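*Asks:* Mind looking over this structure? Questions follow.
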Amino acid sequence: MPQRSISKCEHTATCLSSSPHAAIAGFRRQGKRQRLAAVKADNRGFPREDKLFFEEDDRAFPAPLLLPGDDLAGDPEDPQSLQQWLDGEHRNPVTAKQKTIYVVPSPQIDPDVDFMRTWTTPKCPDHELPAQPPSTKDVQEYLSAFYHGLPVKMMPPSTLRFIPWEEPKRKPWRKTGPQYLGLQSGNECVRIRSRTMSNGVYEGQVNLDDLLDVAISILPKDAYSLLILVDFDLYEDDEDEFVCGRAYGGSRVAVVSSARYNPKLDIIQNVERLHAWPASHCEKYMSACASTEPSAKRQKRSQVNSRGSQSSTLGLNSPAKDAVSVYRSLPEVDSSSSLLSALWLGRVCRTASHELGHCFGIAHCVYYACSMQGTASICEDARQPPYLCPVDLAKILCATSTSASQRYRALLAFCERPGNGDTHFFGPFATWMRSRLGQIKDST
């Protein structure tokens, strides 16, 4: 649903709970004892330093944000503890022979289907500076840091190519079906459904399920998982307007589209930039969103607020506070093409790491604000953090056999690269990690 925008905000007060709307939506977060127990598992120990990263601290890990229309307000999944993840029947373990994550660039376009080139340009007014689309190389290097400990390789750009699909002649009485493309990989060609959109944001869309089938067919023998990055808009069912990505976790494949993350679409998609992460837990913003509810719900909300919401200005050495402080200090994101480009890249990196998380058998997170949270809209997506909560961090450390500090430092090095550090996604994330590492150092 549309969220109420705030033209100017200092983000001085932060609501560390899921918001008063959680009680209205019927969401009950796991208690502190349950959250602490969720990081423990039988016969699976961690070094003492890693255990420090699992300790609960709402100054670093607020509750999952829940606003009207969000994923947790609908049909939230059951929590998945570390033990449940380890015991999961459909989880694929990382092995010495299957440990590589592959990233596949968007398919090339054959001259005979040259019309597809227009499908990557949105039909909307040029109301701001142009942004550079995310490069597959940058996403691959981000994932190398996010899944530190495992090799992440990029497959050649020529791996996939769109070509014409020759359909057998139909009988004249049969209705015309979907429009088809061919997706060629080596000597193989797979039929891909597509559709044109006369009144859509993009002129054409490609079917996500068909791309996932292709991903399965090209999965190398040494692959743990494979991600196809595409610059086309995607859909699954006929009723879908669009979809940004999906994973077949058990099959270890995922597809992510960068199309809807284009900052040029933020206005028409009602994406909130001012209160994107890390400012998404801003108390003023959460109250404004809650005020869009019907009056009866607002009355109920005010009753819940007195006992269910925890407001805080946050203390010293607080990762959340420090990230917001850096975010506030940055210039308007639409003031330069480089800032817009970095924002676009950050959005794709967060979704790519999320979908690959499903390939590792990780379910949607309901414990904390976390990059593995589910999302019900492109608006909610922008409000979610790039970091892993303690429970999901423990799962990834088990899978990658690295340490928490090594992983944090690898991610920090990427976020601090020239061109990244002073931008709205990577700058606050780098600050959050430095502050979190400082917390751990102070506790030893």
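The values are calculated or read from the model by the stated rules, or taken from the named source; none is laboratory data. None of the values given here were measured: they were computed from a predicted structure. Here the Cβ positions follow ideal geometry from the backbone for every residue, glycine too, while neighbour counts run over all protein chains shown. Calculation scope for accessible area: heavy atoms of the full protein, side chains included, ligands and nucleic acids excluded. Shrake-Rupley method; radii C 1.70, N 1.55, O 1.52, S 1.80 Å.
*Asks:* Suppose we filter region 218-247 for residues that are within 17 Å of GLY204 (Cβ to Cβ) and open to solvent by less than 30 Å² (accessible area, probe 1.4 Å); how many remain?
*Replies:* From region 218-247, those within 17 Å of GLY204 (Cβ to Cβ) are 230-238, 240-244; that's our starting set.
Next cut, open to solvent by less than 30 Å² (accessible area, probe 1.4 Å) only: 230, 232-235, 243-244.
Matching residues across region 218-247 total 7.
*Asks:* Just to be sure before I move on: is ARG59 under 26 Å from LEU274 (Cα atoms), within 22 Å of the chain's Cα centre (by Cα) and modelled with pLDDT of 85 or more in the structure I sent? So that I can check it myself, show each step before the final result.
*Replies:* Numbers: under 26 Å from LEU274 (Cα atoms): yes; within 22 Å of the chain's Cα centre (by Cα): yes; modelled with pLDDT of 85 or more: yes.
Against the criterion (under 26 Å from LEU274 (Cα atoms), within 22 Å of the chain's Cα centre (by Cα) and modelled with pLDDT of 85 or more), ARG59 qualifies.
*Asks:* Further, regarding this structure: With respect to ALA41, determine if the residue is within 30 Å of THR402 (Cβ to Cβ), in contact (Cβ under 8 Å) with a residue 40 or more places away in the chain and among the small types (Gly, Ala, Ser).
*Replies:* Values: within 30 Å of THR402 (Cβ to Cβ): yes; in contact (Cβ under 8 Å) with a residue 40 or more places away in the chain: yes; among the small types (Gly, Ala, Ser): yes.
Yes: the conditions hold for ALA41.
*Asks:* Do you know which residues across region 413-429 are touching a residue at least 60 places away in the same chain (Cβ under 8 Å), assigned to a helix (DSSP H, G or I) and buried (at least 17 other Cβ atoms within 10 Å of the Cβ)?
*Replies:* Quick first cut of region 413-429, residues touching a residue at least 60 places away in the same chain (Cβ under 8 Å) only: 413-414, 419-420, 422-429.
Among the residues that remain, those that are also assigned to a helix (DSSP H, G or I) are: 413-414, 426-429.
Matches in region 413-429: PHE414, PHE426, GLY427, PRO428, PHE429.
*Asks:* If you go through region 130-147 one residue at a time, how many are without any contact (Cβ under 8 Å) to a residue 60 or more places away in the chain and either of a type in the set (Val, Ile, Thr) or open to solvent by 50 Å² or more (accessible area, probe 1.4 Å) (or both)?
*Replies:* Of the residues in region 130-147, 1 are without any contact (Cβ under 8 Å) to a residue 60 or more places away in the chain and either of a type in the set (Val, Ile, Thr) or open to solvent by 50 Å² or more (accessible area, probe 1.4 Å) (or both).
*Asks:* One residue is enough: does region 340-349 have a residue meeting the conditions among the polar types (S, T, N, Q), modelled with pLDDT under 95 and open to solvent by 10 Å² or more (accessible area, probe 1.4 Å)? Give the derivation first.
*Replies:* Residues of region 340-349 that are among the polar types (S, T, N, Q), as a first pass: 341.
Subset that is modelled with pLDDT under 95: none.
Checked region 340-349: no residue is among the polar types (S, T, N, Q), modelled with pLDDT under 95 and open to solvent by 10 Å² or more (accessible area, probe 1.4 Å).
*Asks:* So, in region 24-72, exactly how many residues are open to solvent by 30 Å² or more (accessible area, probe 1.4 Å) and of a type in the set (Val, Ile, Thr)?
*Replies:* 1
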